[in-house]
1. Is it true that Val222 is crowded, with 21+ Cβ neighbours inside 10 Å, outside the structural domain of Ala343 (by TED's automatic domain parsing), touching a residue at least 40 places away in the same chain (Cβ under 8 Å) and in contact with a strand residue (DSSP E or B) (Cβ under 7 Å, 6 or more places away or on another chain)?
2. What number of residues in segment 129-145 are in contact with an Asp or Glu (Cβ under 9 Å, 6 or more places away or on another chain) and either among the aliphatic types (A, V, I, L, M) or outside any loop (DSSP other than H, G, I, E, B) (or both)?
3. Any residue in segment 346-359 that is on the phi > 0 side of the Ramachandran plot sitting within a Cβ distance under 7 Å of a residue that is small (Gly, Ala, Ser) and assigned to a loop (DSSP other than H, G, I, E, B)? List the pairs, counting only those 6 or more apart or interchain.
4. Here are Val301, Val308, Val296: which of them is at pLDDT below 95, at negative phi and of a type outside the set (D, E, K, R)?
5. For segment 331-390, give me every one of the strands (runs of 3 or more DSSP E) that falls completely inside it and has 1 or more residues that are modelled with pLDDT of 95 or more, closer than 11 Å to Ala401 by Cβ and not polar (S, T, N, Q).
6. Filter segment 88-128 down to the residues that are touching a residue at least 24 places away in the same chain (Cβ under 8 Å), in a helix (DSSP H, G or I) and of a type in the set (A, V, I, L, M) and list them by number.
7. Would you please name the residue that is surrounded by the fewest Cβ atoms within 10 Å (Cβ to Cβ), looking only at residues in segment 492-508 that are assigned to a loop (DSSP other than H, G, I, E, B) and at negative phi?
8. Would you confirm whether or not segment 257-265 contains a residue that is of a type in the set (Ser, Thr, Tyr) and either surrounded by 19 or more Cβ atoms within 10 Å (Cβ to Cβ) or in contact with a helix residue (DSSP H, G or I) (Cβ under 7 Å, 6 or more places away or on another chain) (or both)?
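The values are calculated or read from the model by the stated rules, or taken from the named source; none is laboratory data. Treat the numbers as computed from the prediction; the structure is a model and nothing was measured. Because the Cβ atoms are built from the backbone with ideal geometry, glycine has one as well, and the counts that use them run over all protein chains shown.
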Amino acid sequence: MTTALSADTVVAVIGAGAMGAGIAQVAAAAGHRVKLVDSRAQAALTAVNNIHAQFAKLAEKGKLPHADALAASARLIAVEQLADLADAGLVVEAIAENLQAKQQLFRDLECIVAADCIFATNTSSISVTAIGSALQNPLRLAGLHFFNPAPLMALVEIVSGLATPPALIDTLFATASAWGKTPVHTRSTPGFIVNRVARPYYGEALRLLTEGATDCATLDAVMREAGGFRMGPFELMDMIGHDVNYAVTCSVWNAFYNDPRFQPSLIQKELVDAGFLGKKAGRGFFDHGTDAEKPVPSTEVSQARPAVITICGACNAASALANRLSAAGFAFERGTSEDGRIAQVDTAVVFVTDGRSATQRASDCGVANTVLIDLAINYSTTARIAIASAAQCSEAAVCSATGLLQACGIKVSRFSDVPGLAVMRTVAMLANEAADTVNQGVCTAAAVDSAMRLGVNYPQGPLGWADQVGLHTIRDVLTHLGATYGEDRYRISPLIQRHVFSGTKLHD
């Protein structure tokens, strides 16, 4: 069994920005002597002083014994030049995302440190194989990708380049675990796991905005309250910074030879061109000025409770609506569901979206008064749901369907008739990208779900979520989206197809 690097191993961190300083803090807290260096004058010393203050603050709050805080601070020092790193057993590079700069740094280090010193890059987007190609011994290099802020975020992607030996990966995996992190292994492919699989979260939201589905605040509210995501896509992009988020999307898109799954958005490009970069610029999708009012999501006005309610079938959505109606003291009838309907309310027929527009589904089913509801992570507790109605649907029928949901204690946000609505199409695309990542041997199913929960705080791993929703449903949603748009963007992962045909789950 591979063991972690000994606490006696000196760890050098190059780059004293937010990521480098965070990594240095993690290593020092784990018991290593840590040397922090930066090419900018006084940057390393400033970072070390800030980390010392962080240790002191943790001790004051009772989160770290005072003796441990003092010991960790004593183990961390700032040095002025690479030559001071000669005794390092692990060097973690956290400089700017520039291939040539990283290659030159590691070439310089080869002349300074011992032959058995491990090199690790914290790159989030550059090929580990490409960085290692410039070394005399590329076998010593791997990716050690932390997430910001490193002291708080549990995930670390352990990235193997083409030349990285399994033994080195095992050592770094064990070391990250010893440092209190949750490591996952990934091959060095564009975006690794998180930055690749997360692209649809932004991409589908931007598509929906482009098509006028609703406004940014409403989309965010639906993704939070129905989807269970910690932040909506637009507030998250504003927080990350559109220059950063757009650059990552372009990087992944270019690296995959302009695969339409990763196509950048003209809306986001326009924000970048205008300098509306999000919170740091005071303006992005939202106004972040001091006196700016917080945007309010669109919510349908209260409607009368329908006179006749029939809950159809026993799927999760139908069962949850029945339970919520019962808890609220409302009477209803039960019916069958040969065509997938979950409810009939007065003249309206309600379905969960399957990736078709409401207008197409109304035409296909011969039910003019078709109203679709979006996916929710838990229909029993969701506070909000998105709906869309067919062009053939009467306004009275929409009001009846809205009244049903409101009787269940659910806020309703009405979208224009976009296929797949918001949560359903996003979850389907996240699951599809995660499945393709596994299918291409980048990582395991367990790794991708762990990475997305820990790296970007998703409420569930996308593959586990797909199993819960049902792989037939995920496949149908993607099939209908592909037919509507006529784009390879929505092609179905072979891994999902195989599990549908075999009747197994992605985590079986």
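1. Answer is yes for this residue.
2. Count: 6.
3. Every condition considered, the pairs that remain are Asp346/Ala307; Gly355/Gly420.
4. Val308
5. Output list reads 341-345, 348-352, 370-373, 384-389.
6. Leu99, Leu105, Leu109, Val128
7. Result: Asp508.
8. yes
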